[in-house]
Amino acid sequence: MKSIKEAAAERILLAAHRGACGGNIPCNTMEAYEIALRQGADIVEIDVSVTSDGKLLVFHPGMEPAHLRSSVYLKDMTAEEAAKLRFVNQDATPTECGISTLDDVLDLLKGKAYVNIDKFWTAMPEITECVRRHGMQNEVIVKTAANPKWFDMVEQIAPELPYMPIISATDKCTDDLLKRNINYIGAEVLFKTEDVQTASPAYVEEMHKKGLLLWANAIVYYYKDVLAAGHSDDVSVVKDPANGWGWLVDHGYDIIQTDWTLSARLYLEEVGKRMR
């Protein structure tokens, strides 16, 4: 596969948040990832949890009560115990979907889409070893909060993996990261309003001049926790996609994370904004 930067030079990259789910297909399942691929996702975003016996599973830590109807968390289970659990669908009814291992998910997605492993800090050495074992160092994006302690760990443990810090209103880390032995490819930016640095055209232009990509979030996981100044999936699918996905693309963001991969792709293609 081309590098992520090479792909982003050709088109806006769409990142499917936990795959593409709905109805009887839960998020963060093999089925959700297969659907995301069919819908045209360039990147599939996944989460990683670790069992009590050190097994890497693809599941969002802390969501066991909601997604599994389990009062026990994966960190307190063995891999054998976790293998017996099943996701529930949007009506809280059990499905046939079990929890996948990171190995299985990487096997599925290798060569088909880039992978964003969120929660990289949960098991940085183990996740890095797994990515290397699959030969996917060019295909996986890893992220942490914008904290020097995580930068130190990435530099020590995973310097070759494409890395993005998660930055809020102000970027205080790019200058530092560019000096480090880290494969710093850009930043995920979160902004509540349009009048902050990371939402400004000047910042986007400056990052692009440095050869860096910018990842914006159209997803809404809690309406009070605004991620992109209201230019969201909800606005895009219910009201006006030009003020959601279109706004993010027009303002120069290279990667758009969405829960509506197919709708976003069709819209951007229809208005001629998908390709560079």
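The values are calculated or read from the model by the stated rules, or taken from the named source; none is laboratory data. None of the values given here were measured: they were computed from a predicted structure. Glycine gets a Cβ as well: all are built from the backbone with ideal geometry, and neighbour counts include every protein chain shown. When the accessible area is computed, the model is the full protein with side chains, heavy atoms only, and any ligands, DNA or RNA have been set aside. Shrake-Rupley method; radii C 1.70, N 1.55, O 1.52, S 1.80 Å.
Taking amide H atoms as placed 1.01 Å from N in the peptide plane, list the residues 5 or more away in sequence, or in a different chain, whose amide H sits under 5 Å from that of N24.
Those lying under 5 Å, H to H, from N24: there are none.
Can you quote the Å³ per residue value for the convex hull of the Cα atoms in the range 177-254, rounded to an integer?
96 Å³
Would you list V88, V226 from the most to the least accessible area, probe 1.4 Å?
The most accessible residue leads, giving V226, V88.
Can you tell me which lysines have their Cα less than 19 Å from the Cα of K209? Leave out same-chain residues fewer than eight positions away.
Filter leaves K5, K172, K179.
Per residue, how much accessible surface does the chain expose to a 1.4 Å probe? Answer in Å², no decimals.
44 Å²
Are there trypsin sites (Lys or Arg not before Pro) in the range 209-259 that DSSP marks as loop and that have at most 16 other Cβ atoms within 10 Å, and which are they?
K210, K224
Suppose we flag GluC sites (Glu not before Pro) only when DSSP calls them loop and at most 15 other Cβ atoms lie within 10 Å. Which is the longest uninterrupted stretch of the chain?
Value returned for the longest uninterrupted segment is 1-95.
Starting at the first residue of the range 249-257, write each ³J(HN,Hα) from the Karplus equation 6.51 cos²θ - 1.76 cosθ + 1.60 with θ = phi - 60°, in whole Hz, x for Gly and Pro.
5, 4, 8, x, 6, 8, 10, 10, 8
Assigning unit charges at the beta carbon (Lys, Arg +1; Asp, Glu -1) and nothing else, what dipole magnitude in debye, to the nearest 20, does the range 171-229 show about its Cα centre?
Details: 7 positive and 9 negative charges, 37 e Å.
Its charge dipole is roughly 180 debye.
So which trypsin sites (Lys or Arg not before Pro) in the range 47-156 are both in a DSSP loop and have at most 12 other Cβ atoms within 10 Å of their Cβ? Show your work: numbers first, answer last.
Values: sites: K55, R69, K75, K84, R86, K110, K112, K119, R132, R133, K143, K149; in loops: K55, R69, K84, R86, K110, K112, K119.
Of the trypsin sites (Lys or Arg not before Pro), the ones in loops of the range 47-156 whose Cβ has at most 12 other Cβ atoms within 10 Å are K84.
Taking 7 Å along the Cα-to-C-beta vector as the label spot, tell me the N138-T95 distance in nanometres, rounded to one decimal.
If labels sit at N138 and T95, their model points lie 3.3 nm apart.
In whole percent, what relative contact order does the range 102-144 give with Cα contacts below 8 Å and a gap of six or more residues?
That works out to 55 percent.
Under 5 Å between amide H atoms, partner at least 5 residues away or on a different chain: which partners does L190 have, H built in plane at 1.01 Å?
Counting only residues 5 or more places away or on other chains, the set is I167, S168.
Can you tell me how the range 7-125 classifies by the Cα gyration tensor, rounded, prolate or oblate, using a/c under 1.5 as the rounded cut?
Here the range 7-125 falls in the oblate category.
Calculated FRET efficiency, D103 and A202, Cβ-Cβ r, R0 45 Å, to nearest 0.05?
0.55
Once the dipole of the range 1-156 is set up with Lys and Arg at +1 and Asp and Glu at -1 on Cβ about the Cα centre, which of A8, T93, A41 lies farthest towards its positive end?
About the Cα centre, the residue reaching furthest to the positive side is A8.
Percent of alpha carbon pairs in the chain separated by more than 34 Å?
15 percent
How much of the accessible area of the range 1-78, in percent, comes from carbon and sulfur atoms when a 1.4 Å probe is used?
Percent of accessible area from carbon and sulfur atoms in the range 1-78: 53.
Apply the Karplus parameterisation 6.51 cos²θ - 1.76 cosθ + 1.60, with θ equal to phi minus 60°, to every residue of the range 217-230 and state each ³J(HN,Hα) to the nearest whole Hz, in sequence, with x for glycine and proline.
10, 8, 5, 10, 9, 7, 4, 7, 9, 6, 10, 8, 6, x
Roughly how many debye, to the nearest 20, is the charge dipole of the chain about its Cα centre, given +1 on each Lys and Arg Cβ, -1 on each Asp and Glu Cβ, and no other charges?
300 debye
Normalised by the number of residues in the chain, what is the relative contact order in percent for Cα pairs under 8 Å and 6+ residues apart?
19 percent
For n ≥ 4 DSSP H runs only, could you compute -39500 (n - 2.57) per run for the chain, divide by its residues and tell me the 222 nm figure to the nearest 500? Could you put the intermediate results ahead of the total?
Working: 11 runs with 82 residues, N = 276.
That calculation yields -7500 deg cm²/dmol at 222 nm.
Enter the accessible area of T78 (Å², nearest 10), with the probe set to 1.4 Å and all protein chains included.
50 Å²
Please give every one of the lysines within straight-line cross-link reach of K273, meaning a C-alpha to C-alpha distance under 16 Å, and leave out same-chain neighbours fewer than 8 residues apart.
none
Summarise the accessible area of the range 132-199 (1.4 Å probe, protein heavy atoms) by the percent that is carbon and sulfur.
It is 48 percent, rounded to a whole number.
Relative contact order for the range 68-131 using alpha-carbon pairs under 8 Å, separation at least 6, rounded to a whole percent?
Rounded, it is 21 percent for the range 68-131.
Given the whole protein assembly as supplied and a 1.4 Å probe, what does the accessible area of W121 come to in Å², nearest 10?
Number for this one is 90 Å².
Report, by chain and number, residues whose modeled amide H sits under 5 Å from the one on R11, excluding near sequence neighbours (fewer than 5 apart, same chain).
R276
Quick check for me: using +1 on Lys/Arg Cβ and -1 on Asp/Glu Cβ, what's the dipole size of the range 160-276 about its Cα centre, in debye to the nearest 20?
Dipole size: approximately 200 debye.
Grab the beta carbon distance between N24 and Y223, set R0 = 30 Å, and tell me the FRET efficiency rounded to 0.05.
Once the sixth-power term is evaluated, E becomes 0.75.
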